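Here the structure is laid out as structure tokens; the discussion comes afterwards.
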Amino acid sequence: MEIKLTTPEQERYDTVRSCIDRDITNAEASARLGLKVRQVQNLKRAVEKNGESGILHGSRGCASNRATHPETASAVIAFMREGKHRDFGPTFAHEQLAKQSVALGLETLRRLMIKEKLWKPHVRKGPAVHREWRPRMSMKGELVQFDGSYHDWFETGEEACLLAAADDATSDVSAIFEDNEGVCSVFRFWWRYILTNGLPVAIYLDKFSTYKVNHKSAVDNAEMLTQFERAMGELGIRVICANSPEAKGRIERLFGTLQDRLVKELRLRGIKNRDDANRYLAEEYLSDHIKRFSVTPRQEGDAHRSLTDELRKRLPSIFSIQSERRVNNDYTIQFKSRWFQLAATQDTTVYKGDIVTIEERLDGTMHIRLRDIYLTYTELPERPKRIKMTVTALTTEKPRWRPPANHPWKKAAARAAALKKLRNTR
């Protein structure tokens, strides 16, 4: 194999050749080359014996003793060209090969993939806007970054929504696939999170409509709260809305990692639906992800607050969609084209015109609350006719006023009596 000398090597050869031809002394050659006289003498003997190649190291042009075996390289290339491995990055591919007992260095694999055009290295670009680095929180539970990501997670051509939270101090992750990033899905996520970890001090998220009222009037009106802000306020959790994706970069980078690694893990296991994916997340993936990517916080401890028994009982109410309505003069309430009749006796005094809170809970039930007391009601099949009532208020005792036969209170009893009479005649 013919080896071409580089310019420095050619200069070294010419100097040694001049020394051999006695044009210069060994001492002069030693000074020019920065070598000892004995090293110059060794080079002279090597050049006299091997010519120009005597200048070169003996292993020049030879394969390294640590070089990857051609059969191993071919097997790795074949593995990477398989359809389900087509978009693996070097790090993830190295982990999968290690599971199959293929010993190959990460950088060796990276260079091999670049050479075979199986992976294109990323071009590093500086940020367009200068942003100051914010250190991590010192203790777990002080700040939790939260967001949702719509992506083709199952590679079926349809997007699915993954909700995830990352602890700012430790990078511990909680994640679950949900219907969307709407209020009910977000409530289900945080209900599970709180029961598992406790109440964090603050949540850091974006200005999506589920989390913040994006209206110019909201700047001067702090009482314009979303259902999410109202629920977190009842739990004593501070909500912080970021002004840019970079501000909550930890959760953004998490989704970048998940869109790379989780998609491939789901593909390798043939998971194509949400239930199986959530089961895999809970039983395998999240624990492995936390073990691999979590960091040790600067300060030991956990800032999550424990749930009290009273707060635990109130969770179904807190994580409900709440709306306010006014009690009509006939003690009916209209809500979403539906009509509800309050019972004649209640555990608290109810006046006409009172503002009640309607709770649409996650289990599909609906509750009507006046202050902290839940009211008894029945749903009417149609809008009731307007009737002048002399009842001042509903109390714990039945009112002495007797409603007419066509009043909604009596319609249910009339229907029951008619049905009983029909059964007796058969």
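Looking at segment 231-249, which of its residues are closer than 29 Å to Phe92 by Cβ and either aromatic (Phe, Trp, Tyr) or surrounded by fewer than 19 Cβ atoms within 10 Å (Cβ to Cβ) (or both)? Ala242, Ser244, Pro245, Glu246, Ala247, Gly249 - these are the residues of segment 231-249 that are closer than 29 Å to Phe92 by Cβ and either aromatic (Phe, Trp, Tyr) or surrounded by fewer than 19 Cβ atoms within 10 Å (Cβ to Cβ) (or both).
Within segment 1-23, restricting attention to residues that are farther than 16 Å from Glu48 by Cα and hydrophobic (A, V, I, L, M, F, W, C), the residue that is surrounded by the fewest Cβ atoms within 10 Å (Cβ to Cβ) is Met1.
In this structure, is Thr349 closer than 18 Å to His407 by Cα, among the polar types (S, T, N, Q) and at pLDDT below 95? In short, no.
Once segment 24-34 is narrowed to residues that are assigned to a helix (DSSP H, G or I) and small (Gly, Ala, Ser), the residue that is surrounded by the most Cβ atoms within 10 Å (Cβ to Cβ) is Ala29. Considering (1) under 30 Å from Asp168 (Cα atoms); (2) touching a Pro at 6+ places or on another chain (Cβ under 7 Å), the lone condition that Ile318 does not fulfil carries the number (2).
Any residue at all in segment 357-367 that's among the β-branched types (Val, Ile, Thr) and surrounded by 13 or more Cβ atoms within 10 Å (Cβ to Cβ)? The answer is yes; a qualifying residue exists.
Selection of segment 91-116 for residues being modelled with pLDDT under 85 and exposed (fewer than 10 other Cβ atoms within 10 Å of the Cβ) yields Gln100, Ser101, Ala103. Contact map, segment 245-272: first residue in contact (Cβ under 8 Å) with a residue 24 or more places away in the chain, second residue charged (D, E, K, R) and loosely packed, with under 15 Cβ neighbours inside 10 Å, Cβ cut-off under 6 Å, separation 6 or more or different chains; pairs are Glu246/Arg131; Arg267/Lys84. Quick check, is Leu315 in contact with a Phe, Trp or Tyr (Cβ under 7 Å, 6 or more places away or on another chain) and within 21 Å of Glu229 (Cα to Cα)? Answer is yes for this residue. Selection of strands (runs of 3 or more DSSP E) fully inside segment 314-402 by the criterion of at least 1 residues being in the same structural domain as Ala414 (by TED's automatic domain parsing), in contact with a strand residue (DSSP E or B) (Cβ under 7 Å, 6 or more places away or on another chain) and among the basic types (Lys, Arg) returns 321-326, 338-342, 366-370.
Scanning segment 190-226 for residues that are at pLDDT 90 or above and assigned to a helix (DSSP H, G or I) yields Trp190, Trp191, Arg192, Tyr193, Ile194, Leu195, Thr196, Asn197.
Answer yes or no: is there a residue in segment 178-189 that is of a type in the set (Gly, Ala, Ser), part of a strand (DSSP E or B) and either assigned by TED's automatic domain parsing to the domain that holds Leu286 or in contact (Cβ under 8 Å) with a residue 40 or more places away in the chain (or both). For segment 178-189, residues of a type in the set (Gly, Ala, Ser), part of a strand (DSSP E or B) and either assigned by TED's automatic domain parsing to the domain that holds Leu286 or in contact (Cβ under 8 Å) with a residue 40 or more places away in the chain (or both): absent. Confirm whether Trp153 is assigned to a loop (DSSP other than H, G, I, E, B), modelled with pLDDT of 90 or more and hydrophobic (A, V, I, L, M, F, W, C). Yes: the conditions hold for Trp153.
The values are calculated or read from the model by the stated rules, or taken from the named source; none is laboratory data. Model, not experiment: these values are computed from the prediction. FYI the Cβ positions are ideal-geometry reconstructions off the backbone, even for glycines, and counts take in every protein chain you see.
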